[in-house]
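Notes for the one structure printed next.
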Amino acid sequence: MRLRPVLCAALVLSAAALPAADKRPIAETDLFRFVWVGDPQISPDGRRVAFVRVSVNDDKSGYDTAIWVAAADGSDAPRPFTAGPKDASPRWSPDAKWLAFTRAVGKESRTAQLYVISSEGGEARALTDLPKGVASPEWSPDGRTLAFTSTTNDRDLAQKAKKDAKKDAARSEPDERESDVRVITRAVYRFNERGYLDPERPAHVWTVPARADGSSLPTATQVTKGEFDEGGVTWSPEGAEILFTSNREKEPYYQRPDSDIYSVPAAGGEPRRVVSIDGQIGDFAFSPDGQRIALRGTPNGEPVRSYDQPDLFVVDRAPGAAPRNLTTGYDYDVGSGLAGDQRAPRGGGSSGVAWTKDGRVVTVTAEKGRANLLRFAASSPPAPLTTGDHEVMAWSATPDASRFALVISTPTAIGDVFVLDAATGRRRQLTHFNDALFSELGLAPPEEIQYPSFDGMKIQAWVQKPADFDPAKKYPLILNIHGGPHAAYGYTFVHEFQWMAAKGYVVLYPNPRGSSAYGQQFGNVIQYAYPGDDYKDLMAGVDELVRRGIVDPQRLGVTGGSGGGILTNWTISQTDRFAAAVAQRSISDWSSFWYTADFASFQRTWFRGAPWQDPADFAARSPITRVANVKTPLMLIEGETDYRTPPTAGGEQMFRALKFMKVPTVMVRFPEESHELSRSGRPWHRIERLQHIVAWFDRYLMGKASIDYDVPETGEAAAGAR
């Protein structure tokens, strides 16, 4: 039974009154009670906020999503607006009288259709019934039409028509069989989470009337055709055209990354390119007067770089107008966020760009471990709209950018909905979904530190200590390395770090060179040298905590996922200082990765050529080349449908090699999990992942045996007694 908001608030006050001595450590299974919020959408009149509330479902195999609505002034408690359990993508009509959203019906269904509901409540009405569903709905300026994308093609529609006809026939006939044999002709043929790609079903722009009378569905119209995917659907201010982003290269991996903005008549026709940069264009928005477009773009560097930092551009709405870069003097990540494990695992939505009435452009940026909203103008330095040690994870704005809806996370709060009044800077919290749970928990904020690396470069890092930290003790350490490698840790909630600290560990999570949010040069310095000096940055952080007397140098552990996984494998091939290691969705052999990853490394970003063109470089940077040096007990975490770092290129190789060498090792494989296991995998799998990681460290750093892995004892196994 769901408690009413007023009763929930009373529980929060009661639980918050618990004295510190009665608070308990956070548990891995607390994830089952977490509530996430995503895709906050403020109504055009600024009075209400619609958002997606995400929770673990009853059997803990997945997540339920529903649309909730809250009064922007806080006068009414947030309330459920749709029933769920698979509702997402809320979008207000221009007059704020209707709310469109997507809904998937059926426990196993992933095919979402478009619905609309009155802002006053009532029964939601379906607008579409397309075989492959819909995504990314957007209202026309007059509120009469909704645009969206769908991968439905003509064959899907023909088969649906046949099935519908058979339902009315006296005698049914067998369905026409569609072959399940895949004929693959492109280098990129499968993708993380999406699975195998279908070039016969690109995402196209569609429209549908925004009203349904309940007796029949309105007719959806396909606006664009062809062989290229389209996204980022946006109406022109006049409503005569629909704009979208697209890469019109059939095999884009032969070229530098690129996507442009195209326009097509709302009634259909031939698309034309309207904005282009030498690079990729992401989110974009029209100025209030409709004469300019602001966009987030990632220019291609010269020469080719591993890390190209995104920028903010403005372009006049005139034929041949050249985009102007507003952030040439701002050397941080435009439109980016922080690495963590607690974004909404479903229905999170995305943030974009917005215009103020006076012609400034608003977007979120990541800067040295923080993510905040900034306003940019051509002739003045950026001005912060939000400040603080936190991450603005998602946001939206009223048409005049006078009021914003935000989802904000801190190291001790998962993320809640806030409303920001731009004129006063006042921020009001609307949701408190996790307050009751978190008031039971003894959580401590991390300590930010900076330390010099081997060459004097300053490295920023965070130290998560147990809530009952005793400065007179020396603790076992877990060095936790982020992936990417062009990503960044910072001031956002990470369940993994808090739980490790609750289990008695000090957790060090640094941003070594190669991390984003520190400028173009810092991010790209590891090109053709990864792993390399970033490893030295990590070890300098370990040395710093040893020097401070915080950690026991005999009880060191190291872990990381993806890019952090390869650095974990690399670390234990370089040093035997660590008593245990856990490499998650890792890489051990760059050559194998080049051949099997879901994206094609055909550009000179990480490598100067193909494996057969420069085999020495691939071998020199592959941990498997130095596997004979490994003495550290190693656990390997693998998702069996991980196409980003396939197990064959990472964990399977390390496992077989270490078994041959009789080094204690275990491989933990998660069925049907992709590269997103730690962030949005099945709830039970996320819990079991945490349990296995800490159990491995418990064995070798604390001398505990909570799980029997049936591995031989070694000298390192008694590390907990040292």
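The values are calculated or read from the model by the stated rules, or taken from the named source; none is laboratory data. All values derive from a computational prediction rather than experimental measurement. When we count neighbours, we look across all protein chains shown, and the Cβ atoms used for this are built from the backbone with ideal geometry, even at glycine.
Of the set (1) at pLDDT below 95; (2) outside any loop (DSSP other than H, G, I, E, B); (3) within 22 Å of residue 346 (Cβ to Cβ), all apply to residue 10 but (3).
Given the conditions (1) modelled with pLDDT under 95; (2) assigned to a strand (DSSP E or B); (3) crowded, with 22+ Cβ neighbours inside 10 Å, and given that residue 351 satisfies all but one, which numbered condition is not satisfied? That leaves (2) as the condition not met. Scanning segment 251-264 for residues that are surrounded by 15 or more Cβ atoms within 10 Å (Cβ to Cβ), outside any strand (DSSP E or B) and among the polar types (S, T, N, Q) yields a single hit, 259. Of the set (1) under 30 Å from the mean Cα position of the chain (by Cα); (2) under 20 Å from residue 135 (Cα atoms), all apply to residue 266 but (1). Scanning segment 197-250 for residues that are outside any loop (DSSP other than H, G, I, E, B) and hydroxyl-bearing (Ser, Thr, Tyr) gives 207, 221, 234, 245, 246.
Residues in segment 66-85 that are touching a Phe, Trp or Tyr at 6+ places or on another chain (Cβ under 9 Å) and assigned to a strand (DSSP E or B): 66, 67, 68, 69, 70, 79, 80.
Of all the residues in segment 575-616, those that are over 19 Å from residue 655 (Cα atoms), surrounded by fewer than 17 Cβ atoms within 10 Å (Cβ to Cβ) and acidic (Asp, Glu) number 1. Picking from residues in segment 404-434 that are within 22 Å of residue 503 (Cβ to Cβ) and outside any strand (DSSP E or B), the one that is nearest to the chain's Cα centre (by Cα) is 411. Annotation: residue 102 fulfils all but one of (1) surrounded by fewer than 18 Cβ atoms within 10 Å (Cβ to Cβ); (2) within 26 Å of residue 31 (Cβ to Cβ); (3) within 25 Å of the chain's Cα centre (by Cα); the unmet one is (1). For segment 108-165, the candidate set comprises residues that are out of contact with any Asp or Glu (no Cβ under 9 Å at 6 or more places or on another chain) and of a type in the set (Val, Ile, Thr); within that set, the residue that is farthest from residue 234 (Cα to Cα) is 111.
Could you check how many residues of segment 31-59 are in a loop (DSSP other than H, G, I, E, B) and closer than 24 Å to residue 71 by Cβ? First the steps, then the outcome.
We begin by selecting, within segment 31-59, every residue in a loop (DSSP other than H, G, I, E, B); these are 34, 43-47, 57-59.
Then drop every residue that is not closer than 24 Å to residue 71 by Cβ, which leaves 43-47.
Number of matching residues: 5.
Find the residue count for segment 133-166, including only residues that are at pLDDT 90 or above and surrounded by 16 or more Cβ atoms within 10 Å (Cβ to Cβ). Residues that pass the stated criteria total 18. Of all residues in segment 435-454, those satisfying the criterion of being farther than 21 Å from residue 417 by Cβ and either free of Cβ contacts under 8 Å to residues at least 40 places away in the same chain or not in a strand (DSSP E or B) (or both) are 440, 442, 444, 445, 446, 447, 450, 453, 454. With the structure loaded, tell me whether residue 422 is among the small types (Gly, Ala, Ser), closer than 30 Å to residue 698 by Cα and surrounded by fewer than 22 Cβ atoms within 10 Å (Cβ to Cβ) or whether it fails that test. So residue 422 does not fit the description; no.
Would it be correct to say that residue 645 is closer than 16 Å to residue 566 by Cβ, assigned to a loop (DSSP other than H, G, I, E, B), touching a Gly at 6+ places or on another chain (Cβ under 7 Å) and touching a residue at least 60 places away in the same chain (Cβ under 8 Å)?
Details: closer than 16 Å to residue 566 by Cβ: yes; assigned to a loop (DSSP other than H, G, I, E, B): yes; touching a Gly at 6+ places or on another chain (Cβ under 7 Å): yes; touching a residue at least 60 places away in the same chain (Cβ under 8 Å): yes.
Spelling it out, residue 645 is indeed closer than 16 Å to residue 566 by Cβ, assigned to a loop (DSSP other than H, G, I, E, B), touching a Gly at 6+ places or on another chain (Cβ under 7 Å) and touching a residue at least 60 places away in the same chain (Cβ under 8 Å).
Residue count for segment 179-209 under the criterion of being in contact with a strand residue (DSSP E or B) (Cβ under 8 Å, 6 or more places away or on another chain), at pLDDT below 95 and either farther than 27 Å from residue 594 by Cα or buried (at least 19 other Cβ atoms within 10 Å of the Cβ) (or both): the result is 0.
Taking every residue in segment 312-328 that is under 19 Å from residue 272 (Cα atoms) and modelled with pLDDT under 95 and pairing it with any residue that is in a strand (DSSP E or B) and hydroxyl-bearing (Ser, Thr, Tyr), at least 6 positions away or on another chain, yields no pair with a Cβ-Cβ distance below 9 Å.
Of all residues in segment 683-720, exactly one satisfies the criterion of being among the hydroxyl-bearing types (Ser, Thr, Tyr), modelled with pLDDT of 90 or more and farther than 23 Å from residue 506 by Cβ, namely 709.
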